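Undergrad: Quick one: this structure, given as structure tokens, is what I'll be asking you about.
The values are calculated or read from the model by the stated rules, or taken from the named source; none is laboratory data. All values reported here derive from a predicted model rather than from experimental measurement. Neighbour counts run over all protein chains shown; Cβ positions are idealised from the backbone, glycine included. What goes into the accessible areas is simple: the full protein's heavy atoms, side chains included, and nothing from ligands, DNA or RNA. Shrake-Rupley method; radii C 1.70, N 1.55, O 1.52, S 1.80 Å.
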Amino acid sequence: MATYDIAKEAYANLGVDTEKVLAKLDTIPISIHCWQGDDVRGFEQENSTLSGGIRSTGNYPGRASTADELRTNLAKAISQIPGPAKINLHAIYGDVKGIDRNIIEPKHFKSWVDWAKYKKVGLDFNPTLFAHEKASDGMTLSHPDKSIRGFWIDHCKRSREISAYFGKELEQDSVCNVWIGDGFKDVPADRLTPRMRLKESLDEIFSKPISHNIDAVESKLFGIGVESYTVGSHEFYMGYAVANNLALCLDAGHFHPTEVISEKISAISIFVEKMLLHVSRPVRWDSDHVVLLDTELVAIAQEIIRHGLLDKVHIGLDFFDGSIDRVIAWVIGTRNLRKALLIALLEPYETLQKTEHEFDFTKRLLMMEELKTMPWQGVWEEYCKRKDVPVSLI
Ligand code: RNT
Ligand code: ZN
């Protein structure tokens, strides 16, 4: 019997219809971050360096240095990744050589829109508030200097316009995610004022409603050089997102090492209309390692699927490893996320829920453990075949 037939029968015995699962899996877009392809450098100038508390390490050959190269490499990755994709761009990835960030326009991203139409992928966007002389104090939207804040406010406003342009052109809302690295290396005297300034800046950025665009805000615990205080903390943005009806972005690497975002999704989902995930992998800190098919990845997928949150949660990736083949890194990480979604969809959740409601914790544990060795690989193989991508990469 073919692998898929064996799997189909095994899941049918649990009341799970693998055909329905495959159809559902194929409706879930994954937003692939462009910045894995060039170690977060962008195309503003020849030799840009990364700053803002994040770091990419490694010098494996093949780093993209032009938008065309990056698109070629993304296309190579996509050809090995089954299922619908969006590409997540940062503002530094447009045709923006010599153009400062406060004056970027949709036209600087037309080449990406043309390509996205041709490749049948959606697009998402991020203003870039790091790796810039006006971010060199380690503060942007919370900077004490009004003119510096103004520069970044303009950048974010223009970013929303670009995101809306993506959404309109591609007939699929684009998520525009604001992340800043603002903070202090050492113990602050005043934790409040920068947060008040950030709130004011955000109020101005989001003052005008804009269609085809979903605004998201991303919190963080700390970054390199900003170990003691981050202005845009989790509490700050959770409050801000709830109060202003914005999407809250949870990055898997932005919490204390014993915290997991899978535990947060259900709670937050009750209070916000939209969420964005930056699926990443912290190793001891926010190191942005390539996403593995590990327990937490499956748990993240389970939280989305079990609670029917697909309409609420936009799923994106965020890792950057320059020490291995950058294209394969995309392929491994994105396939892993798709596999996790498949595993979650194949779960007989209603049965699990029922055992729990009946306080039958023995059966719940037994089932959860048995499910781990169910033949989901057979269904994955079938999905890859149907999507015309390689089943095995080795
Ligand atoms: C940084 C944040 C942010 C960035 C990207 C490049 O810690 O995770 O999302 O990784 O914007
Ligand atoms: Zn992130």
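Undergrad: Taking helices (runs of 4 or more DSSP H) that do not extend beyond region 331-394, which have at least 2 residues that are over 18 Å from Leu317 (Cβ atoms), open to solvent by 40 Å² or more (accessible area, probe 1.4 Å) and of a type in the set (A, V, I, L, M)?
TA: Result: 361-371.
Undergrad: Another question, then. Residue under question is Glu204, and the condition is that it be among the acidic types (Asp, Glu), within 27 Å of Gly167 (Cα to Cα), in contact (Cβ under 8 Å) with a residue 40 or more places away in the chain and within 12 Å of ligand 1 (Cβ to nearest atom); does it hold?
TA: no
Undergrad: Checking the condition at pLDDT 95 or above, open to solvent by 20 Å² or more (accessible area, probe 1.4 Å) and in a helix (DSSP H, G or I), which residue from Asp154, Asp186, Asp190 passes?
TA: Asp154
Undergrad: Just one of the numbered conditions (1) within 16 Å of ligand 1 (Cβ to nearest atom); (2) under 30 Å from Asp114 (Cβ atoms); (3) assigned to a loop (DSSP other than H, G, I, E, B) is not true of Val175; which one?
TA: For Val175, the exception is condition (3).
Undergrad: Then there is this: Of the conditions (1) buried (at least 22 other Cβ atoms within 10 Å of the Cβ); (2) farther than 30 Å from Cys384 by Cα; (3) free of Cβ contacts under 8 Å to residues at least 60 places away in the same chain, Leu70 satisfies every one except a single condition; which number is it?
TA: (2)
Undergrad: Considering region 18-33 alone, what residues qualify as being open to solvent by 50 Å² or more (accessible area, probe 1.4 Å) and assigned to a helix (DSSP H, G or I)?
TA: Across region 18-33, the qualifying residues are Glu19, Lys20, Ala23, Lys24.
Conditions (1) open to solvent by 70 Å² or more (accessible area, probe 1.4 Å); (2) assigned to a loop (DSSP other than H, G, I, E, B); (3) modelled with pLDDT of 95 or more, marked per residue:
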{"site": "Val16", "(1), (2), (3)": "no, yes, yes"}
{"site": "Asp39", "(1), (2), (3)": "no, yes, yes"}
{"site": "Glu44", "(1), (2), (3)": "no, yes, yes"}
{"site": "Ser48", "(1), (2), (3)": "no, yes, no"}
{"site": "Arg63", "(1), (2), (3)": "yes, yes, yes"}
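Undergrad: Does region 194-209 contain any residue that is over 29 Å from Pro106 (Cβ atoms), open to solvent by 10 Å² or more (accessible area, probe 1.4 Å) and modelled with pLDDT of 95 or more?
TA: Yes, region 194-209 contains at least one residue that is over 29 Å from Pro106 (Cβ atoms), open to solvent by 10 Å² or more (accessible area, probe 1.4 Å) and modelled with pLDDT of 95 or more.
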